[in-house]
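The block underneath contains the structure these notes are about, expressed in structure tokens.
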Amino acid sequence: MEKMAVPAKKIFQKQEDSWGFESFTTSALQEGFFHDILTTTRPVGPTITYDNKDFINFASINILDLHQEKDVLGHFHEAADTYGLTTGGSRVTQGVCKAHKEMETKLCRYVGKQRAISFASGLLANVGFINAMSCNFHFSESCNISNSDAVFILDRDCHWSLWKAASHLKFGKQLFSFRHNNPQDLDKLLRKLSVSHTKIIVIFESVYSADGSVAPMRELFDVCERYHALSYVDDANGFMIYGPQNRLFAEEFAQLRRATFVMVSFSKAVGMEGGAIAGPENYIHAFEVLSGTSLFTAAIQPPTASTICYIMDKLSACPSIMDSYLERSLDLRKRLTKLQFVLNDASSYIISVIIGNDEKAVSVYNEFLQEKMIVPMFRYPAVKPDHALIRIMLNAHHTQDQIDRLVDVLKRLQKKYDF
């Protein structure tokens, strides 16, 4: 007897259920591990609009909101007319746009390196770096490279993109970690590894996004240089924010030029999408092919690259833009400290209000939504279990009334949830 055919829809449903995505998503939403993605309908800045309803926005990493200023928009439009809206292909297959080359050259002057290569995002830069530094290619007898014996040492709190990029490396053999911002632990590890390894790369961040902590760069570079290890600093959260003598952490950022490689993200101070790595000429030139994330994907849009260059010059010529922003951010931190909120230790522009209990943090986040306010909430697995926090980044165009409202809501929730 001929068997009845099972409808394709039922086969798909059975296969789909076996993967577990539906049950995972349902539980994750119920338990506050993530939330339904909201849809914005207008430019993002100190406020954000969902379905034509305005929310006060303390989640934007575009801290200066320069993308909405007339001169910046004007430059972008002119660059779009000049270069068009798309690269049309990868750098290797058809070359690099003049806007990208000028941006990379200017970046080298700012960070003191020989050559730079840009990527569509900072994440792609990080992935491309570790891919290039651990690659093993044999194109011909004379054109080959083997760095499968390279060892990578990461600060434990490094960004997900770095850990993901290194996930193909065996932990304890090619991949190691040192305690967060702890030069002594790094020294102990390098003392041991340098006996049997000559290719070692130490990776850390300048400013960490969850707790706002700043790396003790002088001590970390001292350790790297003592054991002849290369260094890679993810400066995504510090580029064009810290460095000048009149700003906090000037001593730490004065050391940044000692890094072998510096990665920057343009999404924070500059406020445009994209990232880049700057370093020695011979390494960066090879990254065009060996990173993979440059070879197999398109780059930053040309008008964006040109506008990044324009904004870097603007911030360099008008340091008061960032000085004023940092002053307001520090004032908010002092105000919250005075009200006895538990904050992250470092006095950076990243203000983390410690909630503690994960479930409590979910409730706090939801109450902010009801108040028409957006604040990012970090809980496990982004941080340790029951070390939840909400991260506040002031926007340069937040009004005093908006900041006052944030403080008032925080005070009410602090009393209600005891954090």
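Given an 8 Å cut-off on Cα distances and at least 6 residues of separation, report the relative contact order of region 74-217 as a percent.
Once divided by the residue count of region 74-217, the mean separation gives 18 percent.
With viscosity set to 1.002 mPa s and temperature to 20 °C, compute the Stokes-Einstein D of region 294-358, Rh being the Kirkwood radius across alpha carbon pairs; µm²/s, no decimals.
142 µm²/s
Between residue 93 and residue 281, take the C-beta separation as r, use R0 = 22 Å, and let me know the FRET efficiency to the nearest 0.05.
The pair residue 93/residue 281 has a calculated efficiency of 0.50.
For region 71-129, what number results from the quotient of the Cα radius of gyration and 2.2 N^0.38 Å?
Normalised Cα radius of gyration, region 71-129: 1.25.
Would you look at the GNM of the chain, springs on alpha carbons closer than 10 Å, and say which of 321, 153, 56 moves the most?
Fluctuation is largest for 321.
Taking the mean number of other Cβ atoms within 10 Å as a proxy for protection, how do you rank 95-101, 60-66, 127-133 from highest to lowest?
127-133, 60-66, 95-101
Contour minus end-to-end for residue 148 and residue 33, with contour as 0.36 nm per residue of separation and end-to-end as the Cα-Cα distance?
Here the answer is 37.8 nm.
In whole Hz, with x marking every Gly and Pro, tabulate ³J(HN,Hα) for region 42-53 from phi via Karplus 6.51 cos²θ - 1.76 cosθ + 1.60, θ = phi - 60°.
So the J values, rounded to whole Hz, are 9, x, 8, x, x, 10, 9, 10, 10, 6, 6, 10.
List the residues, sorted by chain then number, that are 5 or more residues from residue 47 or on another chain and whose placed amide H is less than 5 Å from its amide H.
57
Between residue 41 and residue 19, what is the spin-label point distance in nm, taking each point 7 Å from the Cα along the Cα→C-beta axis?
Rounded to a tenth, the inter-label distance reads 3.2 nm.
Keeping all protein chains in place, calculate the accessible area per residue for region 267-419 (probe 1.4 angstrom), answer in Å².
Heavy-atom SASA per residue in region 267-419 reads 43 Å².
Please list log₁₀ I(q)/I(0) at q = 0.09, 0.14 Å⁻¹ for region 273-419, using the Debye equation with identical point scatterers on the alpha-carbon positions.
-0.45, -0.86
In terms of modelled amide H atoms, which long-range or inter-chain residues lie less than 5 Å from the amide H of residue 272?
Amide H to amide H, under 5 Å and 5 or more residues apart or across chains, residue 272 pairs with 267.
For residue 113, list the lysines whose Cα falls under 20 Å from its own Cα; do not include residues on the same chain fewer than 8 positions away.
Within the straight-line limit of under 20 Å, residue 113 reaches these lysines: 98, 101.
Please report, in Å, the Rg and the Dmax of region 152-228, where both are computed over Cα atoms only.
12.0, 35
Mind ordering 230-242, 174-186, 271-283 by average Cβ neighbours within 10 Å, highest first? Walk me through the intermediate numbers first.
Details: 230-242: 25.3, 174-186: 18.1, 271-283: 20.8.
Packing order, densest peptide first, comes out as 230-242, 271-283, 174-186.
Given the Cα atoms of region 37-185, and with Rh set as the inverse mean 1/r over their pairs in the Kirkwood sense, what is Rg to Rh to two decimals?
Rg/Rh: 1.05.
FRET efficiency for residue 404 and residue 318, Cβ-Cβ distance as r, R0 = 45 Å, nearest 0.05?
Efficiency at R0 = 45 Å is approximately 0.95.
Need the list of aspartates and glutamates near residue 188 for cross-linking: C-alpha distance under 12 angstrom, and skip anything on the same chain fewer than eight residues off.
none
Counting only Cα, what are the radius of gyration and maximum Cα-Cα distance Dmax of region 38-86, in Å?
Cα-based Rg and Dmax for region 38-86 come out at 13.3, 36 Å.
Just the C-alpha atoms of the chain: what Rg/Rh do they give, with Rh taken as the Kirkwood radius?
That ratio equals 0.99.
Along region 231-242, what does the Karplus equation 6.51 cos²θ - 1.76 cosθ + 1.60 (θ = phi - 60°) give for ³J(HN,Hα), rounded to whole Hz, x for Gly and Pro?
Calculated HN-Hα couplings, in order: 10, 10, 10, 7, 9, 4, 9, x, 4, 6, 10, 10 Hz.
Thinking of region 156-198 as a set of Cα atoms, what percent of all their pairs are more than 14 Å apart?
More than 14 Å apart: 55 percent of the Cα pairs in region 156-198.
How large is ³J(HN,Hα), in whole Hz, for each residue of region 316-333 in order, when computed from phi with the Karplus curve 6.51 cos²θ - 1.76 cosθ + 1.60 and θ = phi - 60°, using x for Gly and Pro?
5, 6, 10, x, 5, 4, 6, 4, 5, 4, 5, 5, 5, 5, 5, 4, 5, 4
At each listed q (0.12, 0.15, 0.16 Å⁻¹), what is the log10 of I(q)/I(0) that the Debye formula gives for region 144-295 modelled as equal alpha-carbon point scatterers?
The computed values of log10 I(q)/I(0) come out as -0.50, -0.80, -0.92.
To two decimal places, what compactness ratio does region 330-374 give when its Cα radius of gyration is scaled by 2.2 N^0.38 Å? Kindly include the intermediate steps, with their values, before the conclusion.
Working: Rg = 11.7 Å, N = 45, 2.2 N^0.38 = 9.3 Å.
Here the Cα radius of gyration is 1.26 times the empirical estimate.
Roughly speaking, what is the centre-to-centre gap between region 75-107 and region 133-202 when only Cα atoms are used, to the nearest Å?
Value for the Cα centre distance between the two parts: 33 Å.
With no solvent and one point per C-alpha, what does the Debye sum give as log10 I(q)/I(0) for region 210-285 at q = 0.12, 0.13, 0.18 Å⁻¹?
Treating every Cα as an identical point scatterer, log10 I(q)/I(0) equals -0.35, -0.42, -0.79.
Kindly rank 142-151, 157-166 from highest to lowest mean number of other beta carbons found within 10 Å of each residue. Write out the running numbers ahead of the final one.
Working: 142-151: 12.5, 157-166: 19.8.
Highest mean packing first, the order is 157-166, 142-151.
Taking a cut-off of 20 Å, what percent of all Cα-Cα pairs in region 28-115 are separated by more than that?
Considering region 28-115, 63 percent of its Cα-Cα pairs are separated by more than 20 Å.
Report the gain in length on full extension from residue 415 to residue 71: 0.36 nm times residue separation, minus Cα-Cα distance, nm rounded to one decimal.
Details: separation 344, 0.36 × 344 = 123.84 nm, distance 4.45 nm.
Residue separation times 0.36 nm, minus the Cα-Cα distance, leaves 119.4 nm.
If contacts are Cα pairs under 8 angstrom and at least 6 residues apart, what is the relative contact order of the chain in percent?
Contact order relative to length: 22 percent.
Can you give me the long-range amide H partners of residue 234? Hydrogens built in the peptide plane at 1.01 Å from N, cutoff under 5 Å, separation of 5 or more residues or another chain.
Placed amide hydrogens put 204, 205, 206, 263 under 5 Å from residue 234.
The values are calculated or read from the model by the stated rules, or taken from the named source; none is laboratory data. Treat the numbers as computed from the prediction; the structure is a model and nothing was measured. Counting neighbours? That spans all protein chains shown, and the Cβs are built from the backbone with ideal geometry, glycine included. Note: accessible area is taken over every heavy atom of the protein model, side chains too, but ligands, DNA and RNA are not part of it. Shrake-Rupley method; radii C 1.70, N 1.55, O 1.52, S 1.80 Å.
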